[in-house]
1. Would you mind telling me the antiparallel percentage of the DSSP bridges in chain A, rounded to 5?
2. Okay, helix-only estimate at 222 nm for chain A: each DSSP H run of n ≥ 4 adds -39500 (n - 2.57), divide by all residues, round to 500 deg cm²/dmol; what do you get?
3. What does a probe at C:D395 reach in the range A:88-113, counting residues whose amide N is under 20 Å from the point 7 Å along Cα→Cβ?
4. Cα centroids of the range C:198-264 and the range A:473-487: how far apart, whole angstrom?
5. Can you tell me the FRET efficiency between B:E43 and A:S811 if r is taken as the Cβ-Cβ distance and R0 is 41 Å, rounded to the nearest 0.05?
6. Could you identify which residue out of B:R21, B:R181, B:R199 has the top mean-square fluctuation in a GNM of chain B using Cα springs shorter than 10 Å?
7. Explain nothing, just the number: dipole magnitude of the range B:77-157 about its Cα centre with +1 on each Lys and Arg Cβ and -1 on each Asp and Glu Cβ, in debye rounded to the nearest 20.
8. Work out the length of the dipole vector of the range A:731-831 about its Cα centre, built from +1 on the beta-carbon of each Lys and Arg and -1 on the beta-carbon of each Asp and Glu, and round it to the nearest 20 debye.
Amino acid sequence: MSEPPRRIEITEPVTITVDGREVTAQNGEWLIDACERNDAYIPRFCYHPRMEPVGMCRMCLVEVDTGRGPALQPSCMLPVTPGMSVDTTNDKVAKAQDGVLEFLLSNHPLDCPVCDKGGECPLQDQTMAYGPGESRFVEEKRHYEKPIPISETVFLDRERCILCDRCTRFASDVAGDPLIHFIDRGSQTEIATFPDEPFASYFSGNTVQICPVGALTAKPYRFRARPWDLEEVESTCTSCSVGCRVTIQSSRNQLVRYQGVDSDPVNWSWLCDKGRFGHEASNSEDRLREPMRRSEDGALRVAQWSDALGAAAAAIRSVDPSRVAVLGGARLTNESQYAWTKLAKSVIGTDHVDAQLGDGLPAEVVLGLPGASIDDVCAKGGTVLYLGPDPKEELPVLYLRLRHAAVSDSVRIVECSPMRSGLSPYAAASLQYAPGELPALVAALCSGDVPDGGVAGVDADTVRSAAALLDGIDDLSVVVGRANLAETAGVVVDAIDAVRSARPGARYLSALRRGNVRGALEAGMSPGLLPGRTTIATGSATWTEAWGAVPTAAGLDGLGILDAAAEGRLDVLILLGADPLTDAADRSLARRAIAGAGTVISLDSLPSASTLQSDIVLPVAAFGECDGTTTNLEGRVTVLHQKVTPPGTARTDWMIAAELALRLGGDLGVESSQVELWDELVKHSAPHDGLSSAALAAQEDPDGLLLPLDATIELAATTPTNVPPRSADSLRLVVNRTLYDSGSAISHCASSAALVPEASVRLSPADAAAMGLETGTFVTVASSHGSVSVPAVVDPGVPGGAAVVRHNLESVDAGVLVDAADPVCDVRVELR
Amino acid sequence: MARLTPENVELAHRIIARYPRPKSATIPLCHLAQEQDGWLTDEAMVHVAELVGCTPAEVLGTASFYEMFKRHETGRYCLNVCTNISCQLLGGEELLEHAEQVLGVRPGGTTSDGMFTLEDVECIAACTEAPAVQVNYRYFHRLGPDDLDQLITDLRSGALDDVVPHHGTLGRVHQDLDGDRIANITPPEAQTEPVWIRRHRELAESNDGGAS
Amino acid sequence: MIGTTTPAMPTAPGVPAIVSSRFGVADGHTLEGYRSSGSYEGYSALRAVLEMSPSAASEIVKDASLLGRGGAGFPAGIKWGFCPADVWPRYIVVNGDESEPGTYKDRVLMERDPHQLIEGCLIAAYAIGAAQVFLYVRGEMAHAQERIAAALNEAYAAGLVGRNILGTDFSVDIVLHWGAGAYIVGEETALIESLEGNRGMPRLKPPFFPAAKGVYLAPTIVNNVETLSNLPWLFSHSVEEYRSVGTDSSPGTRLIALSGHVENPGIFEVAQGTTTFRELFESELYGNGIRAGHELKMFIPGGASAPWFFPEQVDLPLEGRVVGGAGSMLGSGAVVVMDETTDAVRACLRLVRFFARESCGKCTPCREGTTWEEKILQRILDGHGRPSDLELLLDVADNISPGPYPVASDPANDLDAVPYPPRQTTICPLGPSSVAPITSAIRRFRHEFEDKIVQRDLIPVEGVSVDV
Ligand SMILES: Cc1cc2nc3c(=O)[nH]c(=O)nc-3n(C[C@H](O)[C@H](O)[C@H](O)COP(=O)(O)O)c2cc1C
Ligand code: SF4
Ligand code: FES
């Protein structure tokens, strides 16, 4: 757990004396950090560099003289002041620290041999280093029932707990989920949840990571390995696009644990549980290990690679390139994305390539807007217009950063969302708008012109007071994304246009969800796009020179590809880790597309509804099984490392692209490693200048390198989306996502699968009352395309006129209600 | 044993209104719940959490810190015998032993008829009147064993019903603060320099200005 | 017996009854009684204060050198001045959590003269510009809560509290709040946590000095009930009259709770600084002597947290600096007298047990150390002591409060006093306070401990009982 001090830039240097040496420290920083930075490590248990200190454990006592004589002081809570003199080792300090250690051990069980933490336990280490040989404590120790579960994933052993307040501070101050708490008093104090109310936090795993002893353990790791059996490398989590730095640890060629790494611009050492316990999916029994082909009898059967690749190549070769499409790829490494773009756009010759399934934002919007980094958005005292999805559900660690910004750094967030989100309690203003009417709301917020009757279903006073927060803020940070999958991207684009015209100085962070979607767009995985933020219009010369050939006209986007497939206009559909059958917002379109496409070739690591319907399945290496780089939502490129070998004969996506290229008479120009692909991209792409593999490797910190925020491609003019009015007897549908859903990654994670919430339709209290519904009443939600039966939940966070159904939960398929061609979706809710 | 009754919810809202932030009402509301049920039930803590806007775990964390909140059913009377120094010197510990024998329970225990819970407590601020005892937080001073016997008899017979209400009841006179008379209870963020301070500051500034 | 408090106690000749003048008045707790009895006319001081500027009122408190009566003895006027300029709101929290063993005076002040306290709160609120006053009464004091609630209701109805007090632009609310049983909540930062609805665990000072960052992190003045109860008399008299009692460094009076082995235990208002412990114990006005037929063995001069004094110290005056220099503190005005029948080990254990039970649990040394101390002492008292236990006990104590620990002089053994205060490895002084009885008792009565350590019986034997 030893967390190093935060890396800081010394802006206000002061000189202090540490153990007789004069050193430089930052004025006001905690003394404990200043000492550690200057090679005088002070032992500690309760202090954590990412949380407010409490000065509780008293282990960090040192003798400090600020001119009034030396006195023992907790260094974790003492700000450095000029001229301060510190003794971290003298007899008095040593006695005080030994005393604390002895006190902590007096009630601590001696079960290190069976403790998960044994071998990496600061208490054990301290004891070995300085502790007393024989305990002078001869009385009986405190006894508690051995580990008790405090949630689906976390166990608590109260005998081992040293009451450092780290987990509880994390839960309340960092995650905002104060579901674990100290109870009772004095030596009876323990950590507890309320009876029957478990520590159900998306961030619970962090408490296990920061527990300085083995009191908190995680079910997915308990007894899986001992620290000395572990090997580790640093990497970046690709579960979502935040891109948290992690160390991935393996034991006997199995991934067993991920731990957050403190990346200052990104995750501050935190992870969400979905990312943290993602290794369970990698280790799943169900992993795809061998290629498969659909045989004569219609069954998928294991095949040789040569056979499967040959069949794939044959299918592609036999048709016109305009009848081939590549869908997905947002979960690939940058290198694999580049290889697949090159394969599709140059070797095969199709521009029907899209990393997004119609649920993202147009590539030119993501790449064409002036960018803001997470740090920019969260900068002290700033103002943020939040137009994205619920970050707690989709981009959990971005939520932690935004929450911290609002709570501790006086950042004012104006949130516009279709229903209250995890962020709403921390927003200075949170406005719930009628689906489809975001552009009008944003225009009113930016102009301050608010009709007396309100706008987008939000009353005039609320909009006016929110507008006041934005008034005169020219350097607004805007977070944009798709909060409602039942609403077309055009609506969001119109809202962005409204901000652009009112606040030309605004900067944008795209809150797209999939792991490396940003990298995919930077690599050109979108119709009309070429790598390096160029289009067919602006990049043809460069990329023709590099590749030999590039498409001459823009192809179909994700929705266009699905439409074309459904209408029988595609002969080959290649799915790069994409699962339209569970992931696309319009479920019936996805079904028709998979059925209507000629040959479906699927590259994936786990079986999904779509792989099971494919004709050729190629198993790929998953996270931790391949090297490469990834790009997060800000455009930050970091290095991914391989830790274990992929199961069976699974290969990395770029290798498959290279093999296919050869079979199609082309050549991707890669001999032995993905580095060649990356450096080729860097060589030809202006934004990637300075990001060569050598430059990335030379990085000392885990933060990676940021692509330029400013270099943009030109934004095409858009035509406003026409949203029809809602009829009085219908509700407007909101489809949004939860962190845990029934996608294949979660379904194959034992600990997360149990946390998938039950499907429901959420209604405002007013609408529910009008319909005579209560929470729990079973209802039918029907659109003109389909219907689902679910229990109703009356939720005051839902605005009147809206019906919220969560995407992809268990058997309930909100996607059947949606028609991707319509700008919004109206439904009727009826008692069953 | 339940959530607060509608009348108590109304009272709870009045109590909450006395504080700049609702969470400050946590302890008073737990007392209210304890007065209602005789002890502090889980259901009541959930209700208090809803009323003050925090999680039940936070209410439990707070409530369990304090001696007076009982998370198990208690007797009708909590008989608290002080054994701290001043009382110890004058027989507090012996008085406690006597109480144990008479009631047949150890400290922390409740008599089988549900009448008495005996407690061995720390100083109750009656040191000059030692040994001192509280019953449901009503004082009885300078008690010998015989006085204690009499006290127990009187409590059992109901002779002291007027002076000792059932467990959980604290002050029977409540501060009665209504909207008209409240000066200025708003969240700290909404507070500015008080008017009389500003008046005197401005006066002083204008005097200074006149002098120079 | 219900609600019985000490009847009126006459003060010594020449010593005015500054705070206790209505203790014996049957209706002294009502508005009517407050206005018509006692050593000044109720609420006349408030009227006078409203005529002056807030800063002038603060000056008077400073000039009077009104020392805090909650334990630390810090001058109230100076504390008020620590509120950072131009930071609003400011709050006042009245510390009525009185729980220090031996202490019994704030309860009487609240039960017998609640209006005096309310008037004191109003004067303080006017002077510092408080947005609100919280009157935090110890949870177990149901009667005091009732009396204060009734008094506040009367005062609000009479326009003395709340909006536009006495028709002026001075407005402030006084809200009665009460605790639920935790000694540590008497510590001012824990009091603030508790008032915010949290566990009463102290905050570290710095940075959380209440005057700068108190309730809701706003500037907050925490004053003891007795401290504020002095204000009405002070403002209806004068600084000179106030300072004519006591000494220059400790002016005015103090309420002393004299308990234990004296003939006449009680609460007495005595002149600070000049009255000696001997007078307190022996004067007919006060203690009227040690229990007949017994002699003084030791006494606690300022509550359970104070190191013990012995017969050599009886001629010291009740003067903070003198007592501090002599190795103890005046603390909360709790003087506990113990005669020769007292078993030093048993008394020591009882006090240590108090601190162990009341530790909030925040600091490792206090949480673990006080319980360990208790266990060792219990073992010694039970006859299971080991010869090494005394050194162990002292060393455990030293790890909570690195020595030398304050202690009274012992002329017979040629040992000097170690002056107050102790050092601490903890956040607040509770843990270190547990060391006071240990070092006091072992230094003076080591043989009593040794006598209980049955040197042969290293293995506990069933049924060992030691007569104490
Ligand atoms: C452990 C501990 C307990 C305390 N208990 C009380 C108390 O019960 N009443 C009190 O007025 N002050 C108590 N104090 C002192 C307060 O922290 C604070 O100094 C005092 O209320 C300030 O008021 P004053 O300046 O008017 O004396 C205690 C301090 C400590 C460290
Ligand atoms: S010294 Fe004891 S009571 Fe004081 S803060 Fe520390 S643990 Fe709590
Ligand atoms: S690390 Fe400073 S007190 Fe725990």
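Read the figures in this text as sums done on the coordinates, not as results from a lab. Everything quoted here is computed from the prediction, not taken from an experiment. So basically every Cβ, Gly included, is an ideal-geometry build from the backbone, and we count neighbours across all protein chains shown.
1. 60 percent
2. Helix contribution divided over all residues of chain A: -7000 deg cm²/dmol.
3. Within reach of a label on C:D395, which here means backbone N under 20 Å from a point 7 Å along Cα→Cβ, the range A:88-113 contributes A:90-108.
4. If you average the Cα positions of each part, the centres end up 55 Å apart.
5. It comes to 0.75.
6. Fluctuation is largest for B:R199.
7. In total the dipole reaches around 220 debye.
8. 140 debye
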